[in-house]
Amino acid sequence: MKPIIFTLVGIDKPGLISDLAKTVYDMEGNWLASNFSHMAGHFAGFVQVDLPLEKHQTLIERLSEHPDLKIHLLPGVTEPQGEHQSVQIDIMGNDKTGIVQEITQILSQFNLNIVKFDSFLESAPNWGGVLFKAKATITVAADFDLETLRDSLESVANDLVVDIEIQ
C-alpha cells in the first residue's frame, strides 16, 4: 500500500463523497483522512488514501472521469521526523482586509508550518458588523520560544484590532 492524495472541487450536490468512497473501496483502497467544505455553492476538499501502487494510475483515470468534480492527484510524501508540538492560534476581530496576510507573514518569518487553517465570517449581533474568526494550527520545534512568537503576533494584533490567543 502506498499513500496518494487527491484534491477536488466542483458544484456541490448530494452523493459526491459517496461516489469517491465507493471508487476507493472498489479499488481496495483504504480511506485514511479527508477534509471537505462547502463554499459559495461549491464542494472542495482533499483526501488521503492508501492504495496498492499498481492501482494508482487506474484510480487517477477513474477519478478524472468524474462528471461533477475536477480532481488532482499527488503521491503521498514522508513527513519529516523530530520532536514537534502543535500550537493553536485563535484570531477574532472586526473583518478588514489584510488580517490573514499579516498573521501568516509573521508565521513565515519564524519559518513555522501551518498544518491547518480555518477561517470564516460571522455576524456580530451586538454591533451589526461582521466578525472575522480563524483558527490556525502550527507545528513548532519542542524548544521553540513561544513568547517571542506571542510578542510578534500581539504587536500586529494591536494594528489590526483583533484578539489573538495562543494555546
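Please treat every number below as a calculation from the coordinates, not as lab data. Bear in mind that the values here come from a model prediction, so they are computed numbers and not experimental data. Cβ sites come from the backbone with ideal geometry, for glycine too, and all protein chains shown count toward neighbours.
Looking at this structure, is Ser123 among the small types (Gly, Ala, Ser), loosely packed, with under 12 Cβ neighbours inside 10 Å and not in a loop (DSSP other than H, G, I, E, B)? Break it down into steps so the answer makes sense when it comes.
Values: among the small types (Gly, Ala, Ser): yes; loosely packed, with under 12 Cβ neighbours inside 10 Å: yes; not in a loop (DSSP other than H, G, I, E, B): yes.
Yes: the conditions hold for Ser123.
Leu16: in contact with a helix residue (DSSP H, G or I) (Cβ under 7 Å, 6 or more places away or on another chain) and either under 30 Å from Val156 (Cβ atoms) or surrounded by 13 or more Cβ atoms within 10 Å (Cβ to Cβ) (or both), yes or no?
Details: in contact with a helix residue (DSSP H, G or I) (Cβ under 7 Å, 6 or more places away or on another chain): no; either under 30 Å from Val156 (Cβ atoms) or surrounded by 13 or more Cβ atoms within 10 Å (Cβ to Cβ) (or both): yes.
In short, no.
Considering only segment 1-55, state which residues are among the hydroxyl-bearing types (Ser, Thr, Tyr) and within 22 Å of the chain's Cα centre (by Cα).
Scanning segment 1-55 gives Thr7, Ser18, Ser34, Ser37.
Name the residue, out of Glu122, Glu83, Glu102, that is within 30 Å of Met1 (Cα to Cα) and out of contact with any Cys (no Cβ under 6 Å at 6 or more places or on another chain). Can you show your working first?
On the way: Glu122 fails: within 30 Å of Met1 (Cα to Cα); Glu102 fails: within 30 Å of Met1 (Cα to Cα).
Of Glu122, Glu83, Glu102, the one residue that is within 30 Å of Met1 (Cα to Cα) and out of contact with any Cys (no Cβ under 6 Å at 6 or more places or on another chain) is Glu83.
If I ask for residues that are among the polar types (S, T, N, Q) and either assigned to a helix (DSSP H, G or I) or surrounded by 13 or more Cβ atoms within 10 Å (Cβ to Cβ) (or both), which ones from segment 53-79 would you list? Give the derivation first.
So in segment 53-79, the residues among the polar types (S, T, N, Q) come out as 57-58, 64, 78.
Answer for segment 53-79, where residues must be among the polar types (S, T, N, Q) and either assigned to a helix (DSSP H, G or I) or surrounded by 13 or more Cβ atoms within 10 Å (Cβ to Cβ) (or both): Gln57, Thr58, Ser64.
Consider only pairs whose beta carbons are under 7 Å apart and that are at least six residues apart or on different chains; among these, list those whose first residue lies in segment 96-115 and is in a helix (DSSP H, G or I) and whose second residue is of a type in the set (Phe, Trp, Tyr).
Ile99/Phe132
Among the residues in segment 22-35, are any assigned to a strand (DSSP E or B) and aliphatic (A, V, I, L, M)? Walk me through how you get there before you give the answer.
Initial filter on segment 22-35 (assigned to a strand (DSSP E or B)): 30-35.
Add one more test, that the residue is aliphatic (A, V, I, L, M), and what stays is 32-33.
Within segment 22-35 (the criterion being assigned to a strand (DSSP E or B) and aliphatic (A, V, I, L, M)), the answer is yes, since at least one residue qualifies.
Tally the residues that are surrounded by fewer than 16 Cβ atoms within 10 Å (Cβ to Cβ) and either among the small types (Gly, Ala, Ser) or without any contact (Cβ under 8 Å) to a residue 24 or more places away in the chain (or both), restricting the search to segment 153-167.
3
Considering Asp50, Asp68, Asp26, which residue is within 29 Å of Phe120 (Cα to Cα) and among the charged types (D, E, K, R)?
Working: Asp50 fails: within 29 Å of Phe120 (Cα to Cα); Asp26 fails: within 29 Å of Phe120 (Cα to Cα).
Being within 29 Å of Phe120 (Cα to Cα) and among the charged types (D, E, K, R) holds for just one of Asp50, Asp68, Asp26, which is Asp68.
Being surrounded by 12 or more Cβ atoms within 10 Å (Cβ to Cβ) and hydrophobic (A, V, I, L, M, F, W, C) is the filter here, so list the residues in segment 127-140 that pass it.
Taking segment 127-140 and keeping what is surrounded by 12 or more Cβ atoms within 10 Å (Cβ to Cβ), we get 130-140.
Within segment 127-140, Val130, Leu131, Phe132, Ala134, Ala136, Ile138, Val140 meet the criteria.
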